[in-house]
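Okay, structure first, notes after.
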Ligand code: AMP
C-alpha cells in the first residue's frame, strides 16, 4: 500500500506524473481539480457551487474540497494505494488530511513561474474525454482534435492570463505553507519539473526508492 500526495504549481505536470505513477503501481489517481471539472461539465449541484470560483482561479471553500476528498477516499477502491493531486492546498486542508490519513511521501514538482506561464497558456483539454495536451510537446495529430476520442480541444476556463496570475498568487501564499508542514515531517521529495515527462518520472521514482521507469515504446502504443 502506497499513499502519496503530489504538489506543484499549475502546469508543473502533476496530472501527467500522477497518471504515469498510478498506471504503473496500480494506484488510484485522485485529482480534486478533475473531480470539480467533471461536476461543472455535468451540471451537478457541486458544479454550480464551484464553477465561478474556479474560473477566476481562486480556491473553492475548504468544506467542499475536503468533502470531495473524503467521499472519494471512503470508496476504498484503492487496494494498492493512491496518489492525490491538488490537495491539500492550504494549511487547514493539510491539518484535515494529516488527521485523517497517513502518507508515505509528498512529491513536490518545482517549476519557475516563467516556465509555468509558457506551459499553461499552451495547454488544451479535450472537451470529450478530458485528455490533456500541451501545444509545446504533445500536439494532437489533427490540430484542435483529440487523438483518443475525436472531441474538440478547448482552453480550460482558468488557463487565461488573469486567472493564472491569481492561481500563482494563491499557490505561493497558501500552498507554500503546506509544503513547510510536510517538510517538518520529512515527507517531501522535491523534483525539478523542467525536464521531459519521462525524465521527471524517472527522478520521482529514484527519490521515492521505487523501481525504474520504463516508458512505453510509442510505436507499440
Ligand atoms: P487544478 O486542476 O488542481 O489546477 O484545480 C483547478 C481549480 O479547482 C483550482 O484553481 C481551484 O479553483 C479548484 N481546486 C482544486 N483543488 C482544490 C483544493 N484542494 N482546494 C480548493 N480549491 C481547489
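The values are calculated or read from the model by the stated rules, or taken from the named source; none is laboratory data. Values in this document were obtained by computation on a predicted structure and should not be read as measured data. Quick reminder, even Gly has a Cβ in these numbers, built from the backbone with ideal geometry, and neighbours come from all protein chains shown.
Would you confirm, using the coordinates I've provided, whether residue 49 is within 15 Å of the chain's Cα centre (by Cα), modelled with pLDDT of 95 or more and more than 10 Å from the ligand (Cβ to nearest atom)? No, not satisfied. Residues in the stretch 35-54 that are assigned to a helix (DSSP H, G or I), touching a helix residue (DSSP H, G or I) at 6+ places or on another chain (Cβ under 9 Å) and exposed (fewer than 15 other Cβ atoms within 10 Å of the Cβ): 38, 41, 45, 48. It is to be established whether one or more residues within the stretch 68-81 are within 12 Å of the ligand (Cβ to nearest atom) and touching a helix residue (DSSP H, G or I) at 6+ places or on another chain (Cβ under 6 Å). Yes - at least one qualifying residue is present in the stretch 68-81. Taken over the stretch 58-72, the criterion of being surrounded by fewer than 18 Cβ atoms within 10 Å (Cβ to Cβ) and assigned to a helix (DSSP H, G or I) is satisfied by 62, 63, 64, 67, 70, 71.
What are the residues in the stretch 143-163 that are under 11 Å from residue 54 (Cα atoms) and out of contact with any strand residue (DSSP E or B) (no Cβ under 7 Å at 6 or more places or on another chain), if any?
Within the stretch 143-163, the first condition is being under 11 Å from residue 54 (Cα atoms), and the residues that meet it are 156-159, 163.
Within the stretch 143-163, 157, 158, 163 meet the criteria.
Only one of the numbered conditions (1) free of Cβ contacts under 8 Å to residues at least 40 places away in the same chain; (2) buried (at least 16 other Cβ atoms within 10 Å of the Cβ); (3) over 23 Å from residue 88 (Cα atoms) is not met by residue 198, and that is (2). In the stretch 1-37, of all residues being touching a residue at least 60 places away in the same chain (Cβ under 8 Å) and over 23 Å from residue 182 (Cβ atoms), the one that is farthest from the ligand (Cβ to nearest atom) corresponds to 24. Quick check on the stretch 81-99. Is at least one of its residues within 19 Å of the chain's Cα centre (by Cα), part of a loop (DSSP other than H, G, I, E, B) and surrounded by fewer than 15 Cβ atoms within 10 Å (Cβ to Cβ)? Looking for residues that are within 19 Å of the chain's Cα centre (by Cα), part of a loop (DSSP other than H, G, I, E, B) and surrounded by fewer than 15 Cβ atoms within 10 Å (Cβ to Cβ), one finds none in the stretch 81-99, hence no.
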